[in-house]
1. Could you tell me what % of all Cα pairs in segment 85-153 have separations over 21 Å?
2. Give the relative contact order (percent, whole number) for segment 590-672; include only Cα pairs under 8 Å separated by 6+ residues.
3. With r as the distance between the Cβ atoms of residue 312 and residue 264 and R0 = 60 Å, compute the FRET efficiency 1/(1 + (r/R0)^6) and round to 0.05.
4. On the protein heavy atoms, probe 1.4 angstrom, tell me the percent of accessible surface of segment 579-698 carried by carbon and sulfur.
5. For segment 355-406, state the semi-axes of the equivalent ellipsoid (square roots of 5 times the eigenvalues of the alpha-carbon gyration tensor), sorted largest first and rounded to whole angstrom.
6. Under the rule of -39500 (n - 2.57) per DSSP H run of 4 or more residues, summed and divided by the residues of the chain, what mean residue ellipticity at 222 nm is obtained, to the nearest 500 deg cm²/dmol?
7. Just want the answer: with Cβ charges of +1 for Lys and Arg and -1 for Asp and Glu, which residue in 730, 225, 561 is farthest toward the dipole's positive end in the chain?
8. Put 407, 508, 568 in order of accessible area, largest first, 1.4 Å probe: what do you get?
Amino acid sequence: MEDFQVKNTEKKLFKNAYGYFTEDGKEYVITRPDTPRPWVNVMSNGRYGIILSQTGGGYSWMDNAQINRVTRWEQDLIQDPWGKFIYVRDDEKGTIGSLTWKPTCSKLSFFECRHGVGYTTMEVVWEGIRGKITFFVPPEGSAEVWILELENTGKKPRKISIFTFFEWLLGRWPDSHREFHRLFIETEYQESLQALLAKKRFWDIPNQKGQLWNNSYSYVAFHAASRRPTGFEGDKESFVGKYGNRMAPKAVVAGKLGNHDGKWNDSISSLHLKFNLKPGKVEKCVFVTGLAEKESGVKETLSQYLDPVKASEALSETKAFWEKTLEGLTVQTPDPALNIMTNTWLKYQSISGRIWGRTGYYQGGGAYGFRDQLQDSQVFLPLNPSKTADQLKLHAAHQFADGTVQHWWQNLAPEASGSHHSDNLLWLPFVLMNYLKETGDFSLLREEVPFLKNEGSASIYEHCKRAILKVLSRKSPRGIPLILEGDWNDGLNACGREGKGESVWMGHFLYGILNEFSRVAEKENDREFVQRMRQEASTLKRAVNEVGWDGQWYWRATTDSGKVLGSHENKEGKIFINAQTWSLIHGTAEGERAQIVKKMMEKYLYKDYGPILFYPAYKTPDLEVGYLTRYPAGMRENGGLYTHAGVWGVWAECVAKDGAKAFETYQRISPIYRGNKPDLYWSEPYVLPGNVDGPESPHYGRGGWSWYTGSAAWYYRITTEWILGIRPDYDGLVIDPCILKEWDGFKMIRRFRGDLYEIEVKNPKHVSSGVKEVRVDGQAIEGNKVRPFGDGGIHRVEVILGASLDKKLKATLGTESVLAL
């Protein structure tokens, strides 16, 4: 045990009762297994993925976590009983435990779970046996690798057995009819591969003829060990025992597996390995689990990873892959929590969890959301913008010729939801414009992408144009965009089913897009459309301010009957955050009105843990509003912090140049600072939650819906582009920080159009904003915009804060502030 005490003398950042960050912020170390809720890691390479909690709970999938789930898992965040487990048995004493804390919940003399970027390592000491398991998904292929180390820390030889265990699903989750689906799974132990294979003769997606319920699972699943197993088991009843349980399975207690495989079982996978451990001796074993299209592919995959040396090399390659994936923008500020989240975890959460994995413990996921992964893909802009371009093309291909889009779709089956939402289609031009600012690559506008239903194809530019024209055709007689069955907020799904309800938030959103896309259209010489958008923008701004102004804030929406949401006259849902933040972000509110809006949203909506979605919460369901009124008061979209919208409050404060309020709001949302009180917060301290309970909940401050939230990419971009204020424009990088005046400055290394910029911002006068001087490679420049060199070189940018922007300097910003990001 002395060795472990020495090992854990590393510097611990933001330590709480359950864990801490390592000094570089790249690992979160959980020091006890009974966290308030499962604290997980989502590891995906874009095709294959695993999610793993600190207890060993979780599941595996490929391509789609709903339609192609490899292992069984049922959603139970209280017990966390489903996963991939490793039992340990003392073959002389007959005692059993588990190297993953679940399912035996053994008493351990040491426990540690390190969630890293692309890997998780669990290390325990059970009855003098140290077990260390590293789980990871290699960058290529369709497999996961477990590297197991066993060490006898005592003074006497030990005879130890290891039993792996998980249940096969091989198809659609949830496995709601197990007695039906188990009939189609067939297992086979192949001694030459030291592996249990599993196939399934049924997959409920259409076959090549389009027939349902007449298709075979397309893959061979496998679970293999680098050491020759003593036994195997493919039958759940033989492993667990009749009316048995996972805490003390019959086979583990007996110390022997029954060697059952075939078609007539409730199929699992378990391998039994025996170790004779001398004192101080360390032995390794590698397990590889995954999918292959053919049995020959199984052998090929195992040849890559099953050897312990090759497995260790693959782990190093995985870490290097993620280092490269996340490089491109790093920061060094006086706030270590901001550094940790910005440099590592927000990027990792967005990419591995939301874009590639599309799954989490709170939402099984699997599908693509039109607005969801499109917004998320903005995280790639300073890292690898071609990934954003790919996402734009993918989503454009899910648009109909009339400009409407699918709300969501599955990538492995012809399943989709037609869009009856008002905002989805506008995120295509929104994200495109941000891509153009980052890259200057206007050639993307001319790439052809097909429409749905074989309705021809058009350029990306035309796809965006049709989206805008469609929204312009859907306005009320008062000139406000229709809300339909929800705008950004799906929970307002009853407001506009009859095509009469209005959305003031959509007015703000559309106004900014019309202004900004007119610049793109001008570049494309589409003069008639430029003139149309500018006229529509002017008319829309006037309508929103005349119709949607409630006296001290903007109301949110109207229903088909004309009922107003977000008015001072409402008893519930009196003021909504989105209708205020976006009026500042896109400039529909100006002058004194903008000041009033800012004051009112801070007064009514800014709470201890960030800006709540609206206030007060609904206490009874409202048929005219939608399902958000059916949540308990204060939870999720009913008066809670819905983090996606909450981070837009930070953005609005930056636009208003209130650095103190922006940073205060940032910190109130930050999972690292919230993690200082983990038994109140519950959620992981290293990734953003989707929601936090509001003041009308008895659990005020409790987080939930972690990992699978669109807030991570936004929090990242708002931090770098609006708090730190280094943001791309069509013709350069704008330098416009909005920081705490107490800061002495900060540094950023950022890739931009093939160049690398080393930016140092100094704040000698201790101001919140205002650029006094900018030097590029030692030469003073006029204004605060750094023009791209395009030479592939490294350029040093020195920035001095200390004066408000004068009129000349404001002119250099151009209209990039009209549509932020």
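The values are calculated or read from the model by the stated rules, or taken from the named source; none is laboratory data. Only a predicted model underlies this, so the values are computations on that prediction, with no experimental measurement involved. Cβ sites come from the backbone with ideal geometry, for glycine too, and all protein chains shown count toward neighbours. Please note that ligands, DNA and RNA were not included when accessible areas were found on the heavy atoms of the full protein model with its side chains. Shrake-Rupley method; radii C 1.70, N 1.55, O 1.52, S 1.80 Å.
1. 27 percent
2. 26 percent
3. That pair, residue 264 with residue 312, gives E of 0.95.
4. Answer for segment 579-698: carbon and sulfur cover 51 percent of the accessible area.
5. Working: eigenvalues 76, 61, 10 Å².
They are 20, 17, 7 Å, listed largest first.
6. Calculated at 222 nm, the ellipticity per residue is -7500 deg cm²/dmol.
7. 225
8. Details: 407 25, 508 0, 568 95 Å².
In descending accessible area the options line up as 568, 407, 508.
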